[in-house]
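Engineer: Sharing a structure below in structure tokens format, with a few things to ask.
The numbers here are math on the coordinates, done by the rules we state, and not lab data. Worth saying up front: this structure is predicted, and the values here are computed from it rather than measured. Here the Cβ is made from the backbone with ideal geometry for all residues, glycine too, and neighbour counts use every protein chain on show.
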């Protein structure tokens, strides 16, 4: 059993605001624990700077440096409390890890990173400091675990040979179930997404534009999620009338219950990394219609577990939704295939075994 210091610079796993990122951080903690490790949160410092403010980045970096120095001093004085390995989840130019690599270099510990990305266009400009911090961390990393294969090309030049390891996104499939579908009545569409400016709001707008082309069909749309752009989301979907209902923020149990009684998951996924909500939907035996951006294609198998369309095209998105509303038997078959695929390839138990097989050799190599 290894003692593992866990750090999520974008959002700690116990952060009060729900998001896909927090969800994945919690899943990593649970997977590491199920693999037999003693896991604790090493720091809750958020290094996120969404505005591209070099001054703010300098302040965060200074705070991170003080935290790293305190941890190094504590663990040198009390080596029996020191971790065997540091695990950082999700670092990119807006949320780099200024703590883990410094601590590991000072104490000779293994440094593992999961879900890292590098955007070379950020090497100059307002996020150049964060970009350099990510590159420095990757140079120090003993192992980089990739959830999204799209990230590999950008990361590869900055890591040691053989340091990359793929791990499919995962969840605890026991939370999700398939309820009997209602044979008659409107098709029940559902989506789960935060309501934020930027790509999320753009996806909601495209969803509204697409569904406005399907008013000749019988369907309803349930939206699970909330956020600062809620008024904008409600405004953009207002033309769809009472077909649309807003659930607001919901916990994992309620989300699973609502997915279980839906018929089809719909989300344009503009600039989506991979989309945990689509994984949850498929675990609930729902077919998915989504924009084929980022790593969405690694979650949704086009033509097998759902329909993937070019991102940003409302007409093609609407046509794909129409296909599955008008062919409920195909929609059901895709959903059943989706549930089997998630159970086979994306379950927490399988991810825990895979993580254990990656972490332990990495720790032993550094310790030897």
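Engineer: Using the structure shown, decide if residue 63 is outside any helix (DSSP H, G or I), free of Cβ contacts under 8 Å to residues at least 40 places away in the same chain and out of contact with any strand residue (DSSP E or B) (no Cβ under 8 Å at 6 or more places or on another chain). Give the derivation first.
Structural biologist: On the way: outside any helix (DSSP H, G or I): no; free of Cβ contacts under 8 Å to residues at least 40 places away in the same chain: yes; out of contact with any strand residue (DSSP E or B) (no Cβ under 8 Å at 6 or more places or on another chain): yes.
Criteria not met by residue 63.
Engineer: Give me a count of the residues in the stretch 213-242 that are in contact with a helix residue (DSSP H, G or I) (Cβ under 8 Å, 6 or more places away or on another chain), free of Cβ contacts under 8 Å to residues at least 60 places away in the same chain and in a helix (DSSP H, G or I).
Structural biologist: The total comes to 6.
Yes/no per residue for (1) more than 19 Å from the chain's Cα centre (by Cα); (2) touching a residue at least 60 places away in the same chain (Cβ under 8 Å):
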residue	(1), (2)
275	no, yes
311	no, no
335	yes, yes
340	yes, no
349	no, yes
356	yes, yes
361	yes, no
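Engineer: Hey, another quick one. Within the stretch 161-177, take every residue that is in contact with a helix residue (DSSP H, G or I) (Cβ under 9 Å, 6 or more places away or on another chain) and in a loop (DSSP other than H, G, I, E, B) and give me the one that is surrounded by the fewest Cβ atoms within 10 Å (Cβ to Cβ). Before the answer, list the steps.
Structural biologist: Within the stretch 161-177, the subset in contact with a helix residue (DSSP H, G or I) (Cβ under 9 Å, 6 or more places away or on another chain) is 163-177.
From what is left, the residues that are in a loop (DSSP other than H, G, I, E, B) are 163, 167-170, 172, 176-177.
Values: 163: 18, 167: 17, 168: 20, 169: 23, 170: 25, 172: 18, 176: 24, 177: 14.
Among residues in the stretch 161-177 that are in contact with a helix residue (DSSP H, G or I) (Cβ under 9 Å, 6 or more places away or on another chain) and in a loop (DSSP other than H, G, I, E, B), the one surrounded by the fewest Cβ atoms within 10 Å (Cβ to Cβ) is 177.
Engineer: Filter the stretch 99-125 down to the residues that are surrounded by fewer than 15 Cβ atoms within 10 Å (Cβ to Cβ) and in contact (Cβ under 8 Å) with a residue 40 or more places away in the chain, then identify the one that is nearest to residue 41 (Cα to Cα).
Structural biologist: 108
Engineer: Name the one entry in 210, 283, 238 that is surrounded by fewer than 21 Cβ atoms within 10 Å (Cβ to Cβ) and on the phi < 0 side of the Ramachandran plot. Before the answer, list the steps.
Structural biologist: On the way: 210 fails: surrounded by fewer than 21 Cβ atoms within 10 Å (Cβ to Cβ); 283 fails: surrounded by fewer than 21 Cβ atoms within 10 Å (Cβ to Cβ).
Every option except 238 fails the conditions.
Engineer: Would you mind telling me which numbered condition in (1) without any contact (Cβ under 8 Å) to a residue 40 or more places away in the chain; (2) touching a helix residue (DSSP H, G or I) at 6+ places or on another chain (Cβ under 9 Å); (3) surrounded by fewer than 18 Cβ atoms within 10 Å (Cβ to Cβ) residue 185 fails?
Structural biologist: Tallying (1) without any contact (Cβ under 8 Å) to a residue 40 or more places away in the chain; (2) touching a helix residue (DSSP H, G or I) at 6+ places or on another chain (Cβ under 9 Å); (3) surrounded by fewer than 18 Cβ atoms within 10 Å (Cβ to Cβ), residue 185 fails exactly one: (2).
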